[in-house]
Amino acid sequence: MTASHGDDLHAVGGSARHIPVLLGEVLEALAPAQGDIIIDGTFGAGGYTRAILATGASVVAIDRDPDAIAAGRDMEVQSGGRLRLVQAPFSTLDEHVE
């Protein structure tokens, strides 16, 4: 299965790349903009987070999988402080956001 979301939006990850299939719909619904803070409750491979960051918004991303968080550390550094990764279950989200 192949999905296309435009040249500037791409999947992230290792050899098994995840393609966020509803990316366009999610971005349209959220309409993230510079200065917004968006919560990604299932960071995974970071496809949605990467696209949200590209709009200028900030992201608090949570995932219980330590490998997912570790794989996202480069993105966190490259975000210039606009991405905060949290390794925790989604059920603890309220403990990690203001």
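What follows is calculated from the coordinates using simple rules that are stated; it is not laboratory data. Treat the numbers as computed from the prediction; the structure is a model and nothing was measured. Note: ideal-geometry Cβ built from the backbone for every residue, glycine included; neighbour counts use all protein chains shown.
So the values come out like this:
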| quantity | calculated |
| --- | --- |
| Close pairs from the range 84-98: first in contact (Cβ under 8 Å) with a residue 12 or more places away in the chain, partner charged (D, E, K, R), Cβ under 6 Å, at least 6 apart | Leu85/Glu76; Pro89/Arg64 |
| Candidate set: the range 71-87, residues that are under 18 Å from Ser58 (Cβ atoms) and among the small types (Gly, Ala, Ser); chosen: the one surrounded by the most Cβ atoms within 10 Å (Cβ to Cβ) | Gly72 |
| Number of positions in the range 63-98 that are under 11 Å from Phe43 (Cβ atoms), outside any helix (DSSP H, G or I) and aliphatic (A, V, I, L, M) | 4 |
| Sole exception among (1) touching a Ser or Thr at 6+ places or on another chain (Cβ under 9 Å); (2) touching a residue at least 24 places away in the same chain (Cβ under 8 Å) for Gly81, by number | (2) |
